[in-house]
């Protein structure tokens with residue numbers, strides 16, 4: 001039963017990877033074509049989420065191989081890369097949103113933002129439920145953390161949807177930039193969380209190594 005649950009968790013991680021790649025490509029393409037900053041930022045965020053999902057998938061393989069949860073340098077490096085990428089995305093969104101607000105720039109349309117956000121919310125809701133079920137059944141904090149990551153994606157989708165519908169309904173161009181600012185706040189939080197986790201893993205590793213050294217002595 002446990003082996004089947006880990007297999008299911010692996011499939012969920014792979015689905016997350018491929019879905020985010022597809023979502024990122026579509027979002028960046030239409031965000032650039034329609035000059036929709038919030039959609040473009042949402043797409044870049046999807047690519048960053050792929051890095052995190054690859055780390056989880058790699059960790060799941062090690063868990064099954066070692067018979068228990070283990071965290072290695074690969075996961076720490078993935079978390080550091082993810083955290084730094086989120087910070088860079090945050091800075092880019094803040095700068096672009098500031099320029100757009102100052103210049104009064106308006107996107108051509110935010111229709112694709114509405115469509116993509118609705119699709120993303122549906123898939124993320126499914127992934128959250130499945131990952132939470134598997135993570136709880138296995139008592140795996142790693143899988144539950146991945147479910148929390150999908151929950152953050154759901155919040156990003158909600159922000160994108162509200163900003164996109166708001167612009168389509170009112171024509172107020174600043175709503176797209178405000179949506180981008182809200183997304184930048186969420187990406188900053190995700191970046192900080194990723195870096196905090198990487199520091200925690202380093203601390204855990206150091207403590208374990210220290211304990212092993214003391215034991216040997």
Roughly how many nanometres apart are two label points built 7 Å out from the Cα toward the Cβ at residue 145 and residue 81?
-> 1.7
C-alpha long axis of helix 174-216 to longest principal axis of the chain, angle in ° = 10
Across 152, 22, 85, the residue with the highest GNM fluctuation in the chain (Cα network, 10 Å cutoff) is 22
Can you put 131, 197 in order, fewest other beta carbons within 10 Å first?
-> 197, 131
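Output the relative contact order of the chain, whole-number percent, from Cα pairs under 8 angstrom with separation of 6+ residues. Mind dumping the intermediate values first?
On the way: 285 pairs, mean separation 58.9, N = 217.
Taking the mean separation of contacting Cα pairs over the length of the chain, I get 27 percent.
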For the Cα atoms of the chain, what angle does the longest principal axis make with the long axis of helix 73-103, in degrees from 0 to 90, nearest 10?
-> 10
For helix 111-138, report the angle its Cα long axis makes with the longest principal axis of the Cα atoms of the chain; keep it between 0 and 90° and round to the nearest 10°.
-> 20
Rough spin-label spacing in nm, given labels placed 7 Å along Cα→Cβ, for residue 133 and residue 58 = 2.9
Relative exposure of 155, 19, 102, judged by other C-beta atoms within 10 Å (fewest first) = 102, 155, 19
For a label point 7 Å from the Cα of residue 125 along Cα→C-beta, name the residues of the range 153-171 whose backbone N is under 13 Å from it.
-> 154-155, 158
Report the extension gain between residue 199 and residue 7 in nm, rounded to one decimal, defined as 0.36 nm multiplied by the number of residues separating them, less their alpha carbon distance.
-> 66.3 nm
Among 37, 138, what is the fewest-to-most ranking by other Cβ atoms within 10 Å?
-> 138, 37
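Values in this text are rule-based calculations from the coordinates and carry no lab data. Every value quoted in this text rests on a predicted model; they were computed, and no experiment measured them. Cβ coordinates were reconstructed from backbone atoms using ideal geometry, including for glycine residues, and neighbour counts include every protein chain displayed.
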